[in-house]
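Just below is one structure, and these are the notes that go with it.
The values are calculated or read from the model by the stated rules, or taken from the named source; none is laboratory data. Owing to the predicted nature of the structure, the values given are computational and were not obtained by experimental measurement. Cβ atoms come from the backbone with ideal geometry, glycine included; neighbour counts cover every protein chain shown. Accessible surface areas use protein heavy atoms only, side chains included; no ligands, DNA or RNA. Shrake-Rupley method; radii C 1.70, N 1.55, O 1.52, S 1.80 Å.
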Amino acid sequence: MTDAHVSNHDQMADCLQGLRVVDLTRNLPGPFATRLLADLGADVLKIEPKQGDPARVFGELFAALNHGKTTEKYDFHDPKAIEAIKAHLKEADVMLDSFRPGVLAEMGLDAKALHAVNPKLVIVSITGYGVVDNYAKEGIYLEDAYSKNDSQINHDWSDKAGHDINFMAMSGVLDQLKTSQGEQAMPNIQFADLAGGSDTAVIALLAAVFAAQHTGKGRHIAISMTHSLYNHMVMPKVTGKLINSFSGKGLNDTLLPQHDFLGGALPCYRLYQTADQRHMAVGSLELKFWQGLCEVLELPALKDIHWQLGIMPNRLESQTATKTIAEKFASQTLEHWQRIFVATDVCVTPVLSLQEAKAHPLFAHQDEHQATSGWQQVN
């Protein structure tokens, strides 16, 4: 571990000092959430079933997610074990779980029981599909449980099993991950688990802890990984209508993801293949970056072919520009284009492999778990 990495963690590790977290989660979403809390100074007690967290079989993954946490194992079917867990929760600020809705009540760890011994306790349940209103009687509340027209959340998905790929599929996010030829991509990053689960859980629990400190009242929050991912699709929900308006289609006509505003429709914002079948990522969305790109590529005739100058993706000039730039990038290797663009500032980068990213100076401060915090304190 480098001095820079230690320094960055030490600077932020006082933020949540004194926050006591009991973690009943397993696998990836919950443990990564509590890993983030631990990095910020929280005291995390990880409680596992007797057989242990299933992630233990992955060795390095388990260590990366759970180092620095105190660990205890209990038989969740033993009443004495449940009482021991309750004793921990009496002094805790937060409890996280990843059981299906209703399981906490079966264990005797539902909100009603826990708030009787610790009124300020914040309970965060990471679920696949959220909860429906009949679970509200158990003290589970969704932020959007009632809309302005008082319509209730009423679906039959709360008790269904699922994993990251299922939550991505049901949210509509997976369908957005298409190749330029329209083929479905199979992502190797767990967006639902991490963005929809871990990150959303951390945001919600910190907000709830803040409120509990001021009101003296805790609450039980259900995180839906599927609904959180759906909420993240803020761009596709609106840009499709924008593109359809340019092309003369109906505003609600279906637009293929690879034809959307930031999905590959714009010549200034897309992936271009190189001569060695690698890719360069062009993010020259603003006019100044686009014109800088055209200068680097020695294509001055394209400098005014840009959406900010009214040349939209449906225009022949825009489509011709895409073809011309694609041919230019295809004429040289990734290494060549890396050398060309390293000294420029036009939002063009190589698409690195994981191994290349690990070796890049950007990540020189990663720790022994190949982790880098997403935050830095600026002195």
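The long axis of helix 200-215 is offset from the longest Cα principal axis of the chain by roughly 50 degrees.
Could you sort out which of K90/K217; K50/K90; K303/K328; K288/K323; K73/K120; K50/K86 sit more than 19 Å apart by Cα distance in this structure? Going by Cα-Cα distance, K50/K90; K288/K323; K73/K120 fall outside the 19 Å limit.
Peptides 109-122, 345-358, ordered by how many other C-beta atoms sit within 10 Å of their residues on average, highest first, read 109-122, 345-358. State log₁₀ I(q)/I(0) for the chain at q = 0.09, 0.11, 0.14 Å⁻¹ as given by the Debye formula over alpha-carbon point scatterers of equal weight, solvent excluded. Taken in order of the listed q values, log10 I(q)/I(0) reads -0.67, -0.93, -1.22.
The calculated FRET efficiency for the pair L262 and D159, based on their C-beta separation and a Förster distance of 51 Å, comes to about 0.90. When the charge dipole of the chain is built from unit charges on Cβ atoms (+1 for Lys and Arg, -1 for Asp and Glu) and taken about the Cα centre, the candidate among L262, L114, L37 whose Cα reaches farthest toward its positive end is L262. Remark: the chain carries 54 Å² of accessible area per residue (probe radius 1.4 Å; ligands, DNA and RNA excluded). Seen against the Cα atoms of the chain and their longest principal axis, helix 79-90 is set at about 70 degrees.
A straight line joining the Cα centroids of region 349-379 and region 76-95 runs 38 Å.
When the charge dipole of the chain is built from unit charges on Cβ atoms (+1 for Lys and Arg, -1 for Asp and Glu) and taken about the Cα centre, the candidate among H279, L206, V173 whose Cα reaches farthest toward its positive end is V173. Give the average over all directions of the projected area of the C-alpha convex hull of region 203-315, one decimal, in nm². Quarter of the Cα hull surface area: 11.7 nm². When a/c reaches 1.5 or more, the comparison of a/b and b/c decides; with that in mind, is region 15-91 rounded, prolate or oblate per its Cα gyration tensor? Note, shape of region 15-91 comes out oblate. Among the protein heavy atoms of the chain, carbon and sulfur supply 55% of the accessible surface, probe 1.4 Å, non-protein parts ignored. Normalising the average separation of contacting C-alpha pairs (under 8 angstrom, six or more residues apart) by the number of residues puts the relative contact order of the chain at 15 percent.
Projected over every direction and averaged, the convex hull enclosing the alpha-carbon atoms of region 269-375 yields 8.0 nm². Using C-alpha pairs under 8 Å with a sequence gap of at least 6, the mean separation divided by the residue count of region 287-379 gives a relative contact order of 20 percent. Note on the chain: with charges restricted to the Cβ of Lys and Arg (+1) and Asp and Glu (-1), its dipole about the Cα centre is near 540 debye. In the chain, the longest principal axis of the Cα atoms and the axis of helix 3-12 are about 60 degrees apart. For region 260-322, the dipole from Cβ point charges (+1 on Lys and Arg, -1 on Asp and Glu) about the Cα centre works out to 80 debye, to the nearest 20.
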